[in-house]
Amino acid sequence: MTWVELPEGTGFGIDNLPLGVFLARGRVGFRHGVRIGDLVLDLFETTGERVHQTGALDSFLIAGPGAWRDRREQVTEWLTEERHRARVEPHLIPVDDVQLHRPIGVPNYVDFYSSRQHAENVGRLFRPGTDPLPPNWLHLPIGYHGRPGTVDVSGTPVVRPCGQLGAPDDGGLPPFGPTRKLDFEAEVGFVVGAPGERLTVADFPEHVFGVCLVNDWSARDLQAWEYVPLGPMLGKSFLTSMSPWVVPLAALEAARVAPPERETELLPYLRDDGDPWGLDLALEVRLNGEVISRPPFRGTYWTAAQQLAHLTVNGAPALAGELFASGTVSGATRAEWGSLLELSANGAEPLRLGDGSTRTFLEDGDTVTISATAPGVNGGRISLGEVTGTVQPAR
Ligand code: CA
């Protein structure tokens, strides 16, 4: 039990303790913070360590899993034992009084494609008449390297991007302008803490610090025209939003589940029969406040541990503070699909909203919020917070 007064049903109890980066009035420079209830514990003030006075968690995460465990134990002790209260309490700040920043430096950003349902849904829409799964899909976690410089924190405005909207008519120029097919993608992100090379599936918890939520905003018309044969480019790179709180793997022990049974034999570096890292995270997508989907992460085919092994198998090192994301999370039924591309069948079947309006894709002024919870180690559910963004007109 913590001495901190917690709001009822908070997903930020003593069994969660996610890390983030903030600015607050009267405190010099960026600070690392731990969220507890509706408060943020200033780690720089409580520890006096400079490593917690930087603009990204990378400076702390690079110290590795021993340091992560020690800090978590120490913070738990501070927040549970009454004898620490007088010293620690002055360093708790209401979360509404801090400005949250992108929590990590993101030297690299990779986005995968690990939900089989999503891959099949997209395959049917973009490549009708062919096998919805590409021939490589069951043998490797497909992904692409994204644009780290446009990964930003939840709340960053989503300016409608312009670009080439498709093929030209009759030998003319391709149509150019603001995207007509702006979309969200509900994803789970993984934050590398300790750097490493040629990491194995078993190395995952020693190198990945924790989990966040990601919205991989997408312009479907740009994407469909540009992606052959090299994959996503400007249709994705205008903005990727991430939630401000990184939930440590240590808080997700009760959420671990076995991933779906593998349909084909895997190369040894991708085998995870011993200790798989499926995670039972329940996502929720709200459009202007209305729940439009509840994607379940637990059924995702490729785990983050397999993705980490895959993205380092060629010798490319994983760096402190880099981000890799799951790809759109979609479940078996329509109510569980994680993008408007799927929910509106690429615009063919508009989604009907509670206020009587319909959407094929996002309109200016729309707000998309993705949140998630997971089973906590003390029973109940912990929160992964949320990633939100509001669409602004093209500039
Ligand atoms: Ca994506």
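The values are calculated or read from the model by the stated rules, or taken from the named source; none is laboratory data. Keep in mind that this is a model prediction, so the values were computed, not measured. Because the Cβ atoms are built from the backbone with ideal geometry, glycine has one as well, and the counts that use them run over all protein chains shown. Accessible surface areas use protein heavy atoms only, side chains included; no ligands, DNA or RNA. Shrake-Rupley method; radii C 1.70, N 1.55, O 1.52, S 1.80 Å.
Quick look at the values:
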read-out: Strands (runs of 3 or more DSSP E) wholly inside the stretch 305-395 containing at least 2 residues that are surrounded by fewer than 22 Cβ atoms within 10 Å (Cβ to Cβ); value: 367-375, 381-392
read-out: The stretch 240-261, subset of a type outside the set (A, V, I, L, M, F, W, C) and touching a residue at least 60 places away in the same chain (Cβ under 8 Å), residue farthest from Gly385 (Cα to Cα); value: Pro260
read-out: Residue match in the stretch 272-293 (condition: within 19 Å of Phe112 (Cβ to Cβ) and open to solvent by 40 Å² or more (accessible area, probe 1.4 Å)); value: no
read-out: Subset of the stretch 240-252 [open to solvent by 10 Å² or more (accessible area, probe 1.4 Å) and part of a loop (DSSP other than H, G, I, E, B)]; value: Pro244
read-out: Spans of helices (runs of 4 or more DSSP H) in the stretch 53-112 with at least 1 residues in contact with a helix residue (DSSP H, G or I) (Cβ under 8 Å, 6 or more places away or on another chain), open to solvent by 50 Å² or more (accessible area, probe 1.4 Å) and not basic (Lys, Arg); value: 65-80
read-out: Cβ pairs under 7 Å, 6+ apart, first in the stretch 268-287 and aromatic (Phe, Trp, Tyr) and modelled with pLDDT of 95 or more, second surrounded by 21 or more Cβ atoms within 10 Å (Cβ to Cβ) and in a loop (DSSP other than H, G, I, E, B); value: Trp277/Thr303
read-out: Of all residues making up the stretch 155-188, the number that are in a loop (DSSP other than H, G, I, E, B), in contact with a Lys or Arg (Cβ under 9 Å, 6 or more places away or on another chain) and away from the ligand (no atom under 15 Å from the Cβ); value: 5
read-out: Any hit, the stretch 194-214, residues being within 12 Å of the ligand (Cβ to nearest atom), touching a Lys or Arg at 6+ places or on another chain (Cβ under 7 Å) and at pLDDT 95 or above; value: no
read-out: Given (1) over 24 Å from Pro107 (Cα atoms); (2) surrounded by 24 or more Cβ atoms within 10 Å (Cβ to Cβ); (3) more than 19 Å from the chain's Cα centre (by Cα), index of the condition Pro178 fails; value: (2)
read-out: All positions within the stretch 218-239 that are in contact (Cβ under 8 Å) with a residue 24 or more places away in the chain and open to solvent by 30 Å² or more (accessible area, probe 1.4 Å); value: Ala224, Trp225, Glu226, Pro232, Leu234, Phe238
read-out: Pro141 vs. criteria over 23 Å from Val247 (Cα atoms) and more than 26 Å from the chain's Cα centre (by Cα); value: no
read-out: Qualifying position, being of a type in the set (D, E, K, R), assigned to a loop (DSSP other than H, G, I, E, B) and over 30 Å from Asn346 (Cβ atoms), among Glu5, Glu45; value: Glu5
read-out: Among residues of the stretch 229-244, those that are away from the ligand (no atom under 12 Å from the Cβ), within 15 Å of Glu187 (Cα to Cα) and of a type outside the set (S, T, N, Q), counted; value: 3
read-out: Selection count, the stretch 1-42, where residues are open to solvent by less than 30 Å² (accessible area, probe 1.4 Å) and touching a residue at least 24 places away in the same chain (Cβ under 8 Å); value: 23
read-out: Filtered residues of the stretch 103-147 (kept if at pLDDT below 95 and basic (Lys, Arg)); value: Arg124, Arg127
